[in-house]
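Trainee: Dumping the structure here so I can ask a few things about it.
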Amino acid sequence: MVSYASDVKKELTSLPVHPEHAKAELAAFLRMNGVLSLHDHQFSLDITTENPAIARRIFSLIKTAYKIEPLLIVSKKMKLKKNYQYLVRLQNQVHEILNDLEIFNSESGFITGIPQKIMTSEQRAMSYLRGAFLASGSVNNPETSRYHLEIYSLYEDHNNDLLKLMNSYFYLNAKATKRRSGYIVYLKEAEKIGDFLHIVGAVNAMLAFEDLRIMRDMRNSVNRLVNCDTANLKKTANAAAKQVEDIQLIEEKVGLDNLPEKLSILARFRLSHPELSLKEVAAQVPDGPISKSGVNHRFQKIREMARQLKEEN
């Protein structure tokens with residue numbers, strides 16, 4: 001069964017690659033998932049994924065941004081025979097590309113934070129967030145579980161920059177926390193998750209999310225109303241049963257004919273209609289209609305008489 005998160009990523013990988021923003025999206029992939037290796041006495045940059053659409057996306061980003069066709073290597077995982085693994089390997093101009101994307105330079109070494117040119121450009125920020133979500137993001141199905149979207153980072157400064165990006169430009173009210181093996185930024189508000197999906201370009205997934213959210217919220221509202229009605233019915237039934245019990249005690253000990261006329265009329269009516277609510281009794285009692293508070297006052301007098309009879313015994 002395809003997950004909702006998979007549907008989101010599938011839509012994102014099908015978006016057109018714009019040359020002016022390809023580098024920002026690629027920078028997220030390489031910073032978060034790239035592995036620098038030495039092959040045949042030269043450095044190569046590898047990105048591994050089990051998602052063929054993401055592998056194709058990385059391939060397209062590199063080709064669009066730098067006019068280079070990386071290697072695409074497909075292999076079968078040994079333990080899980082059904083799963084294929086896709087390796088995108090960049091072997092040419094590795095240092096130049098890492099330097100251009102501000103991921104590595106000879107002075108600072110590896111740079112784990114997000115470059116200022118992305119932090120200060122709304123369009124680049126949107127592309128970077130798209131790449132970050134594709135690289136290590138997830139979102140729960142809004143129909144079946146709690147609202148939650150997160151992006152995982154290995155480095156704290158990168159996580160903090162993602163947080164700034166999501167909150168300073170897009171006001172997503174994102175939160176950050178530490179995990180055992182790294183850090184995450186996350187969203188818990190349904191409306192903000194929908195906003196994020198729209199920002200990164202998953203418009204169809206956003207619309208589907210909103211539909212599912214509305215249906216879920218409506219279902220929850222109906223359930224709350226049903227639970228409230230059920231509780232009220234139970235409360236009404238319990239009160240009526242207690243009233244009937246008091247009236248039956250009075251009838252047994254002194255007789256209903258010995259009650260004041262108004263109490264006698266109410267007592268006989270309640271015995272005949274134990275299922276009615278206080279409001280319905282007030283509207284239908286033979287010497288009525290009277291106010292709900294008036295009926296309640298009469299029942300209090302009956303309750304007090306029943307209590308005195310119990311104490312006498």
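Trainee: Taking Kirkwood radius over Cα pairs in Å as the quantity of interest, determine which of [x] 20.1; [y] 24.7; [z] 18.7 was computed from the displayed structure.
Mentor: Computed from these coordinates, Kirkwood radius over Cα pairs in Å corresponds to label [y].
Trainee: What is the P(r) of region 34-158, as percent of Cα-Cα pairs per 5 Å bin from 0?
Mentor: P(r) for region 34-158, in whole percents per bin: 2, 9, 15, 20, 22, 16, 10, 5, 2, 1, 0.
Trainee: Among P289, P115, P16, which one shows the highest mean-square fluctuation when the chain is modelled as a Gaussian network with alpha-carbon springs under 10 Å?
Mentor: Of P289, P115, P16, the most mobile in the Gaussian network model is P289.
Trainee: If you average the C-alpha positions of region 1-58 and of region 266-306 separately, how far apart do those two centres end up, in angstrom?
Mentor: 73 Å
Trainee: Please report, for the Cα atoms of region 203-313, the Rg to one decimal and the Dmax as a whole number; what are they, in angstrom?
Mentor: According to the Cα coordinates of region 203-313, Rg and Dmax are 21.7, 76 Å.
Trainee: Another question about this same structure. Just to be sure I understand the model, the point goes 7 Å from the Cα along the line to the Cβ. What's the resulting H95 to N160 distance in nm?
Mentor: 3.0 nm
Trainee: Separation between the I68 and E275 pseudo-spin-labels, each 7 Å from Cα along Cα→Cβ, expressed in nm?
Mentor: Those two pseudo-labels are separated by 8.1 nm.
Trainee: Any chance you could run the full-extension gain for N296 through Y84? It's 0.36 nm times the residue separation minus the Cα-Cα distance, nm to one decimal. List each step's numbers first, then the result.
Mentor: On the way: separation 212, 0.36 × 212 = 76.32 nm, distance 7.32 nm.
Full extension of this stretch gives 69.0 nm more.
Trainee: Suppose R0 equals 41 Å. What FRET efficiency, 1/(1 + (r/R0)^6) with r the Cβ-Cβ distance, do E143 and S181 give to the nearest 0.05?
Mentor: Result of the calculation: an efficiency of 0.90.
Trainee: Enumerate by residue number the GluC sites (Glu not before Pro) in region 227-311 meeting two conditions: DSSP loop (anything except H, G, I, E, B), and at most 11 other Cβ atoms within 10 Å of the site's Cβ.
Mentor: E275
Trainee: For labels at S14 and K188 in the simple 7 Å Cα→Cβ model, what's the distance in nm?
Mentor: Computed distance between label sites S14 and K188 equals 3.4 nm.
Trainee: Within 10 Å of each candidate Cβ there may be at most 15 other Cβ atoms; applying that plus a DSSP loop requirement, which GluC sites (Glu not before Pro) in region 34-131 survive?
Mentor: Within region 34-131, the qualifying GluC sites (Glu not before Pro) (loop, at most 15 other Cβ atoms within 10 Å) are E50, E107.
None of the figures in this text is laboratory data; all of them are computed from the coordinates on show. Remember, it's a predicted structure, so these values are computed and weren't measured experimentally. Reconstructed Cβ throughout: ideal geometry from the backbone, glycine too, with neighbour counts over all protein chains shown.
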